[in-house]
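Visitor: I'd like to ask some things about the structure below.
The values are calculated or read from the model by the stated rules, or taken from the named source; none is laboratory data. Worth saying up front: this structure is predicted, and the values here are computed from it rather than measured. All Cβ positions, even for glycine, are placed from backbone atoms using ideal geometry, and neighbour counts span all protein chains on display.
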Amino acid sequence: MVVCPLLGERIELRKGNFKQLKNKLGKIKLLIFDVDGVLTDNTVWMGADGAELKRFNVADGMGVYIARRAGIPTAFISGRPSVATIARVNELGIEDFFQERGPKRVPFEKLLGKYKLTGEQVAFMGDDVIDVPLMKLAGISATVPHAPAYIRKYADIVTTHEAGMGAARELVDLVIQAKGFDPVDLTYK
């Protein structure tokens, strides 16, 4: 991990150099996150009655709010249906949410069409094999430290924060700062 001289953040840069990274981050107009293993720590608690609980990070939620204030929509794409995830999506006011088994490329392409974007204008964060196709299509691909090496090799950025512990917020902050926004100003103005 090194401090990015252009952004002032500690990151693991996997591809290119810091100037290239900042330029790519500055082009981002849509953030897409996988849920399990990115927004959560990949753990699911199941009660005897089948009720499911997941732990989400408040800082990641604030990141969604900050991105929205900067005019950057945020989408969640999960390959696993979950009532707990629906509750979090509703709490955060996420408009674009997909949870269906099957290739994640289908909702990704729907989002590109909805917002009239190219893959280059999207940042995607995932952590497992089902996420690799989107990591290849996105202008910025990110993952978390616990992702296997064969997944990390597809990432432009490996966050310093673990999944469910602020990793998504870290990516939001990088995008926001590369675009010249101050997260504090976006939050309180």
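Visitor: I'm told ALA168 meets every condition in (1) among the hydrophobic types (A, V, I, L, M, F, W, C); (2) over 13 Å from GLY37 (Cβ atoms); (3) assigned to a helix (DSSP H, G or I) except one. Can you identify the failing condition by its number?
Guide: For ALA168, the exception is condition (2).
Condition check ((1) more than 14 Å from the chain's Cα centre (by Cα); (2) under 18 Å from GLN20 (Cα atoms)) across all residues:
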position: ASN90; (1), (2): yes, no
position: GLY93; (1), (2): yes, no
position: PHE108; (1), (2): no, no
position: LEU111; (1), (2): yes, no
position: GLN121; (1), (2): no, yes
position: PRO133; (1), (2): yes, no
position: VAL158; (1), (2): no, yes
position: GLU162; (1), (2): no, no
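Visitor: Related question: Closer than 17 Å to LYS24 by Cβ and either of a type outside the set (A, V, I, L, M) or under 13 Å from the mean Cα position of the chain (by Cα) (or both): which single residue out of ASP173, ASP185 fits that description?
Guide: Residue meeting the stated conditions: ASP173.
Visitor: Restricting to segment 107-136, count the residues that are among the acidic types (Asp, Glu) and at positive phi.
Guide: 0
Matching residues to (1) charged (D, E, K, R); (2) more than 18 Å from ALA168 (Cα to Cα):
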{"site": "GLU100", "(1), (2)": "yes, yes"}
{"site": "LEU137", "(1), (2)": "no, yes"}
{"site": "SER141", "(1), (2)": "no, no"}
{"site": "PRO145", "(1), (2)": "no, no"}
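Visitor: Would you check which residues across segment 72-95 are in contact (Cβ under 8 Å) with a residue 24 or more places away in the chain and not in a loop (DSSP other than H, G, I, E, B) and list them?
Guide: Scanning segment 72-95 gives THR74, ALA75, PHE76, ILE77, SER78, VAL83, ALA84, THR85, ARG88, GLU91, LEU92.
Visitor: Across segment 130-189, what is the number of residues that are touching a strand residue (DSSP E or B) at 6+ places or on another chain (Cβ under 6 Å), surrounded by 23 or more Cβ atoms within 10 Å (Cβ to Cβ) and either more than 19 Å from GLY119 (Cβ to Cβ) or free of Cβ contacts under 8 Å to residues at least 12 places away in the same chain (or both)?
Guide: Adding up the residues that qualify gives 1.
Visitor: What pairs come out if I take residues in segment 28-53 that are at pLDDT 95 or above and of a type outside the set (Asp, Glu) and pair them with residues that are surrounded by 24 or more Cβ atoms within 10 Å (Cβ to Cβ) and part of a loop (DSSP other than H, G, I, E, B) whose C-beta lies under 6 Å away, six or more apart or interchain?
Guide: Matching pairs, first to second residue: PHE33/LEU39; GLY37/ASP127; GLY37/ALA163; VAL38/ASP127; VAL38/ALA163.
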